[in-house]
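The values are calculated or read from the model by the stated rules, or taken from the named source; none is laboratory data. Being a predicted model, the structure only gives us computed values, none of them experimental. Positions of Cβ are backbone-derived with ideal geometry, glycine not excepted, and every protein chain shown enters the neighbour counts.
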Amino acid sequence: MAEKKKKSRIMYYIIAALIVIIVAAILIVPRWNKYQNDRQAGAVLKALEALKVYTDNYVTTHQSASGFNVEAALVEIDIDRNTLKNWNFAIAWKPAVIYTQQMMSGLKDVERNTYVNVAPYKIIMAVATKDNPIQEGSKVWYDGDENAYHGFGIDDRIEPDWLRIFPNP
């Protein structure tokens, strides 16, 4: 009888331990996933900001986007290998005519005495690769006209306004 009681007590402890492990997993897994997503969003946002600054400096220095190479820029600004493995980067440039018109319009606005952002690009975008632990195809982008970041980890926009970016595909 004592042995039966002992086996019953052991089973009780095993079941209790399993319940504790299951509850802990239910509580921990979502937090771990959020942590991983926040970490990924932070890394790609840092890379996009560095690429944006580099691009702005390149256009200012060369007075044109001619000859700009995204891959070479990513190497030069030293984006870490893991971010490069997890994200593809691209830039959608504005035609020179539109950029010049926006610059001229911005110069007419000097009476307001505020900073006027006129970017030579429509967007700078990062798209998650198949190697990325988050969903492949997730996007993060800097909108040059809005002067704002959007997408994964930033807001609820999952796609840019493609018709505004490419009005005549």
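Do any helices (runs of 4 or more DSSP H) entirely within segment 1-93 hold 1 or more residues that are within 18 Å of Val140 (Cβ to Cβ) and at pLDDT below 85, and if so, which? Break it down into steps so the answer makes sense when it comes.
Values: elements: 2-62, 70-76, 81-86.
The qualifying helices (runs of 4 or more DSSP H) are 2-62.
Could you count how many residues in segment 1-35 are within 30 Å of Ile154 (Cβ to Cβ) and of a type in the set (Phe, Trp, Tyr)? Give the steps one after another, and end with the answer.
To start, the set of residues in segment 1-35 that are within 30 Å of Ile154 (Cβ to Cβ) comprises 25-35.
Then drop every residue that is not of a type in the set (Phe, Trp, Tyr), which leaves 32, 35.
Going through segment 1-35 one residue at a time, the tally reaches 2.
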